[in-house]
Each structure stands twice: as structure tokens, then as C-alpha cells.
Amino acid sequence: MSLAENIAKVNANIAAAAREAGRDPSEIALVAATKVQTSDTIRQAIAAGVTICGENRVQEMTAHLADNAYDGAALHFIGHLQTNKVRQVVGRVELIESVGSAHLLDAIEAQAAKLDLVQDILLEVNIGGEESKSGIAPEELPALVKQAAACPHVRLRGLMTIPPVAGPDGNRPFFAKMRQLFVDIRSQMDDNKTSFTCLSMGMSGDYENAVREGATLVRVGTALFGPRPPMHKG
Ligand SMILES: *Cc1c(COP(=O)(O)O)cnc(C)c1O
């Protein structure tokens, strides 16, 4: 299948899963996970209807930005972000989805203040409690939400997670837990409530279940672009 056909199919699957769950498909946006793709492939994806690109490596993103590869789409940062690379990301992306520590939140606030802008972010939750994974433990989340609310140059838009690799049905309980956390936090917010609207969860193997459990952003790579060569973390 072509890239355009894959995009159409994933969008159709998202819409079907949404309707099945009694949701309006327009509540869910597809984020194309473009890691390891070339600038040309990214342009083709945007021409074929991708409206948001998600990058998880700063170096690749910087190169694609220099190429104007993302023109016509929004850009999200979805990967592990080191504080020493915050300068290359803040103000260059619509949304940083992967803020998983107090330290990183501080660094983003400082850089956004320096640039005199407000950076939209999501807090990344380690919902499976995995040692190896970055993200905030659910019980630490209220403190981080409070910290974010005290950052004038950061706007907390919602939550993101990468659940344990458990197969599509194995992950569904984690998605349900995320949805509950999201609803709980939202209900405790007052003035900022209207901008806390994003729940980013679901990848190629499980995005339909994520949609059934309330995702508003799904991050899909392989199902659009095909398998990636093995890669190193970073
Ligand atoms: C690569 C990546 C995805 C997409 O993964 P696929 O399984 O290829 O769909 C989603 N989220 C993050 C953070 C990623 O790095």
C-alpha cells in the first residue's frame, strides 16, 4: 500500500473506533511519528493529509526544520528530551508531549521565559511503572501539575503515555487508567480547565483501543511508513 493509502486507512480506523465508542471522530488527531523518515517522505505525508508530525530526536528535527520539511503541518516533540537540548525545541514546536520530570519542566520554563513565549506541553506519565521508562509516576503527577500551573511560560495541555509493550488488548487497562487520571486532574482544575484537553496515547499496534479509551492524539509511525530499521535510543 502507498503512504497515502496507509494514512487514509489509519484515519478510517480511528474514525471507526471513535464511533464505536460513541465519540465524534473529529475529537481525535493523528500525529505521524516521523523518526528516521526523510524530508521528502515527510513532505509526501503532509501532501497526503497528515496535519501533525511528531519527532523524537532533536538532531533529525533540526535538520528537517532547516529543510522546511514540516511546512503545512504542526510539529510536536514526542521523544525523550534532555535538558541541554531544550533550547533547540522550545518555541520551535507547537507541543512538547514528553515532559517527564520536574527538572525538564524547569528547563522549559526558563527557556520559554528567555524567548518571551508560552510553550504548550503535555506531562508524560509512566503508567506501567516501568523502571526503564521515563515519565512521571501517577502518584507524583499532582505535584507536577501544580508546578506547571506556577510556570507562566508553560501551558499544560494534557497528558501523554507510552504503556508497557503488552499487545493491543494488554494495553487497554493502561489506557483506561490514563483516561481516569486525565479526568481526575481536569476536574480539579479551575481557571486552566479549558486548555487541558489533550490525551496522547496509542501507537501502531494499539491506537484503536487508545481511541476507544479516550485518546485525543494518537502517535503512529509504522502503520503509516512501514517498519523502521533498528535504532538506538536518543
Ligand atoms: C516511534 C514512536 C511512536 C510510533 O510508534 P509506531 O509503533 O511506529 O507507531 C509513538 N510514540 C513515540 C514516542 C515514538 O517514539
Residue count for region 175-204, restricted to those that are within 16 Å of the chain's Cα centre (by Cα) and surrounded by 16 or more Cβ atoms within 10 Å (Cβ to Cβ): 12
Cβ-Cβ under 8 Å pairs, at least 6 apart or on other chains, region 212-225 side more than 15 Å from Ala15 (Cβ to Cβ) and more than 8 Å from the ligand (Cβ to nearest atom), far side of a type in the set (Phe, Trp, Tyr) and not in a loop (DSSP other than H, G, I, E, B): Glu213/Phe175; Gly214/Phe175; Gly214/Phe182
Close pairs from region 83-100: first in contact (Cβ under 8 Å) with a residue 60 or more places away in the chain and more than 22 Å from Ala29 (Cα to Cα), partner within 16 Å of the ligand (Cβ to nearest atom) and not in a loop (DSSP other than H, G, I, E, B), Cβ under 6 Å, at least 6 apart: none
Complete set of residues in region 39-59 that are more than 17 Å from the chain's Cα centre (by Cα) and within 16 Å of the ligand (Cβ to nearest atom): Thr41, Ile42, Ala45, Gln59
Search result, residues across region 79-99 that are open to solvent by 20 Å² or more (accessible area, probe 1.4 Å) and either assigned to a loop (DSSP other than H, G, I, E, B) or touching a Leu at 6+ places or on another chain (Cβ under 8 Å) (or both): His80, Gln82, Thr83, Gly91, Arg92, Glu94
Candidate set from region 111-129 (those that are hydrophobic (A, V, I, L, M, F, W, C) and over 10 Å from Pro152 (Cα atoms)); member that is modelled with the lowest pLDDT: Ile127
Within region 136-165, tally of residues that are in contact (Cβ under 8 Å) with a residue 24 or more places away in the chain and either more than 19 Å from Ile121 (Cα to Cα) or open to solvent by less than 30 Å² (accessible area, probe 1.4 Å) (or both): 14
Residue match in region 217-228 (condition: in contact with a Cys (Cβ under 7 Å, 6 or more places away or on another chain) and crowded, with 19+ Cβ neighbours inside 10 Å): yes
Condition met for Arg23 (under 24 Å from Thr197 (Cβ atoms) and not in a loop (DSSP other than H, G, I, E, B)): no
Which listed residue is over 21 Å from Gln180 (Cβ atoms) and of a type in the set (A, V, I, L, M), from Val125, Val145, Val99, Val58: Val58
Region 223-234 - residue that is modelled with pLDDT of 90 or more and not in a helix (DSSP H, G or I) and, of those, nearest to Gln82 (Cα to Cα): Pro227
Failed item, numbered, when Ser204 is tested on (1) modelled with pLDDT under 95; (2) within 14 Å of the ligand (Cβ to nearest atom); (3) of a type in the set (S, T, N, Q): (1)
Members of region 36-77 found to be under 20 Å from Ser2 (Cα atoms) and part of a helix (DSSP H, G or I), listed by number: Ser39, Asp40, Thr41, Ile42, Arg43, Gln44, Ala45, Ile46, Ala47
Filtered residues of region 6-46 (kept if without any contact (Cβ under 8 Å) to a residue 40 or more places away in the chain, buried (at least 16 other Cβ atoms within 10 Å of the Cβ) and under 21 Å from Val58 (Cα atoms)): Ser39, Ile42, Arg43, Ile46
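The values are calculated or read from the model by the stated rules, or taken from the named source; none is laboratory data. Everything numeric here is computed off the predicted structure, so don't read it as measured data. Here the Cβ is made from the backbone with ideal geometry for all residues, glycine too, and neighbour counts use every protein chain on show. For accessibility, only protein heavy atoms count, side chains too; no ligands or nucleic acids. Shrake-Rupley method; radii C 1.70, N 1.55, O 1.52, S 1.80 Å.
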